[in-house]
1. Does Val185 satisfy being outside the structural domain of Ile105 (by TED's automatic domain parsing) and more than 24 Å from the chain's Cα centre (by Cα)?
2. Select from the stretch 173-190 the residues that are buried (at least 24 other Cβ atoms within 10 Å of the Cβ) and of a type in the set (D, E, K, R) and list them in ascending order.
3. Could you say which residue among Ala311, Ala275 is outside the structural domain of Ala228 (by TED's automatic domain parsing), crowded, with 17+ Cβ neighbours inside 10 Å and assigned to a helix (DSSP H, G or I)?
4. Could you go through the stretch 68-89 and let me know if any residue there is surrounded by fewer than 17 Cβ atoms within 10 Å (Cβ to Cβ) and on the phi > 0 side of the Ramachandran plot.
5. State all residues of the stretch 188-237 that are charged (D, E, K, R), closer than 30 Å to Arg280 by Cα and not in a strand (DSSP E or B); if no residue qualifies, say none.
6. Select, from Arg104, Arg155, the only residue that is outside any loop (DSSP other than H, G, I, E, B) and in the same structural domain as Leu66 (by TED's automatic domain parsing).
7. Checking Arg266 against (1) touching a strand residue (DSSP E or B) at 6+ places or on another chain (Cβ under 7 Å); (2) not assigned by TED's automatic domain parsing to the domain that holds Met347, only one condition comes out false. Which one?
Amino acid sequence: MALASLQLPFRPTISSHLNSHPSNSLPPSNLHVSAPRKLRAAVIGGGPAGSCAAEALSSGGVETFLFERNVSGSKPCGGAIPLCMLDEFSIPRSLIDRQVTRMRIFSPSNLSIDFGKTLLPTEFIAMTRREVLDSFLRSRAESSGARLISGLVTRLDLPTHLDSGPYVIHYNVGGSKKSVAVDVVIGADGVHSRVAKAIGAGNYEYALAFQERIRLPEEEMDYYKDLAEMYVGDDVSPDFYGWVFPKCDHVAVGTGTVKSKSDIKRFQHGIRARAGSKIRGGRVFKVEAHPIPEHPRPVRVRGRVALIGDAAGYVTKCSGEGIYFAAKSGQMCGRAVVEASEGGTRMIREADLKREYLRKWDGEYRSTFRFLDVLQKVFYGNNASREALVELCGDEYVQRMTFESYLYKKLAKGNPWEDTKMAMNTIGSLVRCNLVGKGMDFLSNV
């Protein structure tokens, strides 16, 4: 198919301007896109990351195509979102299935700790279903002006000169092959991102999450009215945790692992056994599995292509949380394009994306990701360290610092004296579990 039939994103006035430069010269950074056409962007993937990017782009003046291969599907996910996300992203309360105010953590020996004692009356963890949340965010992106295309993106063709040519998106809709040319591409297409592969973004390790949705009798469901449970131990995961999270009329029961993906069903049997009579008699009506990235990709921006959400690797260690960071990365990236393009009137470059998106993202969240990485390495390695973790979770100061960091997405600033006590208590717990080396590793990283 000829490029001319792909609605080239560069008008003749710009093409003439480009042709007036030597072939080894780039156009000036303040080159403006000819009116009336705005800068054109394609967002690949319609989850929270892609939808929030598309909304930011289209509401900021950029012509936006949002591609989603399965608008009726849902990603296997615990569905917990932090309190700050409700306000930051204007999430209506009607989308919340449950307001969790009690979190119970079970150690390998089944010691249980209630982890919600320090929550304020106005604080809770919001539980959502991804199919509901994702559909809402996509619809809002459409309302802001993004064009939603329910199709599978099969290939991304890169321009010869990354700062001066069109990117061509090839996709299938209803058995028909189509293409569109754009100026900017945002990859929000998950762990196995085609966009990441096209730009040579490199690989990363990933975990496998497995989840069953179980509908319980009404009297049993009442037990989980405002309670979520987490289980740690080799029987439920060698390097992660198992969960029972409440939804509108059912519970999500699942686990995850990086090290032993082939044993995921055995770990799922383990979490079902640990939950025991509390879920016995329930009916499984949906089984889900999905990969989850374990760290950011080596490359997240190349040319006028940026990666966000799971495609970029924005899932935290220790907790496995990704919804908020997906939505936030999409919003930040979309706004970065709008800012750099002056509302869609100016061509952007790789340097713009790195400056306005990557630098701001890393400045805001890199320390959080590094800290949680340390916690996972110290506390998730074996059953002894997991026992120490649950013991520490009984401390109310630990709980308050944890919830402030989680609910508001900033590392909580604590009391220096209490911080010192917390570090020493951590060392004490690890020493009692014969994990002296890990204790010193933790102390050197806090």
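1. Details: outside the structural domain of Ile105 (by TED's automatic domain parsing): yes; more than 24 Å from the chain's Cα centre (by Cα): no.
Answer is no for this residue.
2. Of everything in the stretch 173-190, those that are buried (at least 24 other Cβ atoms within 10 Å of the Cβ) and of a type in the set (D, E, K, R) turn out to be Asp183, Asp189.
3. When all the criteria are applied, what remains is Ala311.
4. no
5. Within the stretch 188-237, the first condition is being charged (D, E, K, R), and the residues that meet it are 189, 194, 197, 205, 212-213, 215, 218-220, 222, 225-226, 229, 234-235.
Among the residues that remain, those that are also closer than 30 Å to Arg280 by Cα are: 212-213, 215, 218-220, 222, 225-226, 229, 234-235.
Glu218, Glu219, Glu220, Asp222, Lys225, Asp226, Asp234, Asp235 - these are the residues of the stretch 188-237 that are charged (D, E, K, R), closer than 30 Å to Arg280 by Cα and not in a strand (DSSP E or B).
6. Details: Arg104 fails: in the same structural domain as Leu66 (by TED's automatic domain parsing).
Exactly one residue qualifies, and that residue is Arg155.
7. (1)
Here's the yes/no breakdown for (1) at positive phi; (2) surrounded by fewer than 18 Cβ atoms within 10 Å (Cβ to Cβ); (3) of a type outside the set (A, V, I, L, M, F, W, C); (4) in contact with a strand residue (DSSP E or B) (Cβ under 6 Å, 6 or more places away or on another chain):
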site: Leu111; (1), (2), (3), (4): no, yes, no, no
site: Phe115; (1), (2), (3), (4): no, no, no, yes
site: Pro121; (1), (2), (3), (4): no, yes, yes, no
site: Ile125; (1), (2), (3), (4): no, no, no, yes
site: Asp134; (1), (2), (3), (4): no, no, yes, no
site: Ser144; (1), (2), (3), (4): no, yes, yes, no
site: Leu152; (1), (2), (3), (4): no, yes, no, yes
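The values are calculated or read from the model by the stated rules, or taken from the named source; none is laboratory data. Only a predicted model underlies this, so the values are computations on that prediction, with no experimental measurement involved. Cβ: placed from backbone, ideal geometry, glycine included. Neighbour counts: every protein chain shown.
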